[in-house]
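Data first, discussion second: the structure below is written as structure tokens.
Every number here is computed from the coordinates shown, using simple stated rules; none is lab data. Just so it is clear, the model here is predicted, and its values are computed rather than measured. Heads up, the Cβs are rebuilt from the backbone with ideal geometry, glycines too, and the neighbour counts pull from every protein chain shown.
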């Protein structure tokens with residue numbers, strides 16, 4: 001059986017085909033419009049983020065050039081997408097970017113300032129927008145800092161200083177690695193103690209102190225003897241002189257206290273070997 005279409009049938013088919021084509025074209029146009037809009041949105045966001053990144057880099061460069069070795073990472077703060085240095089606003093990153101402030105990195109060391117500020121853009125997760133900032137500057141300081149050691153009671157005390165116009169002290173303490181916690185004192189003990197100091201330009205120095213035990217000697221006790229004469233009585237006894245040695249000295253006693261059996265007080269002298277300085281009755285050092 002053959003199907004025959006009259007003029008009305010042909011017209012109906014044409015209308016259906018035309019409608020299908022129109023719908024397809026409309027869908028294509030809508031899809032293209034959405035894609036163009038998304039692409040335009042991405043372009044706008046990328047432009048905004050790029051602008052923020054340029055502002056941040058330029059401002060960081062200004063501060064780095066101005067302060068160089070005095071640049072302080074603790075002054076670089078981030079809060080709610082707002083970046084500040086020393087309380088001054090560097091930039092407020094637009095709403096399309098999120099700064100991961102807990103992942104911020106900042107390091108100043110030997111003529112270099114290095115900063116990393118992670119920026120996450122949720123709409124474009126596959127792209128990298130982190131701020132990577134590096135600035136190098138010359139350090140003219142070529143003179144090492146100095147140090148010295150002394151003993152006060154039972155404590156070794158260190159003093160140190162940088163040269164005038166120097167780069168500043170980076171480390172001072174008892175570790176030869178020039179790293180770790182800074183320290184100026186330690187408990188005295190019999191040994192050779194070395195102190196280390198380094199400036200921010202990398203110049204370093206050390207100083208040492210050798211501690212030994214004192215030498216002790218008991219002075220002889222003298223007994224008063226002889227007769228009183230004109231109301232006074234001469235009594236000889238040993239004492240410790242400034243060199244820690246026993247010397248004899250003649251003292252007087254009043255007529256009323258004159259006693260031929262009186263015994264002078266005994267003393268123990270503490271001395272140091274030649275070249276050493278006496279810190280106390282226990283230690284000598286040089």
State all residues of segment 125-148 that are buried (at least 16 other Cβ atoms within 10 Å of the Cβ) and more than 23 Å from the chain's Cα centre (by Cα); if no residue qualifies, say none. 129, 131
Filter segment 104-127 down to the residues that are part of a strand (DSSP E or B) and touching a residue at least 40 places away in the same chain (Cβ under 8 Å), then identify the one that is nearest to residue 142 (Cα to Cα). 113
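Output the residues belonging to segment 149-181 that are surrounded by 12 or more Cβ atoms within 10 Å (Cβ to Cβ) and in a loop (DSSP other than H, G, I, E, B). Walk me through how you get there before you give the answer.
Taking segment 149-181 first, the residues surrounded by 12 or more Cβ atoms within 10 Å (Cβ to Cβ) are 149-151, 154-163, 166-175, 178.
Result: 154, 162, 163, 166, 167, 168, 174, 175, 178.
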Lone unmet requirement of (1) surrounded by fewer than 18 Cβ atoms within 10 Å (Cβ to Cβ); (2) part of a strand (DSSP E or B) for residue 51: (2)
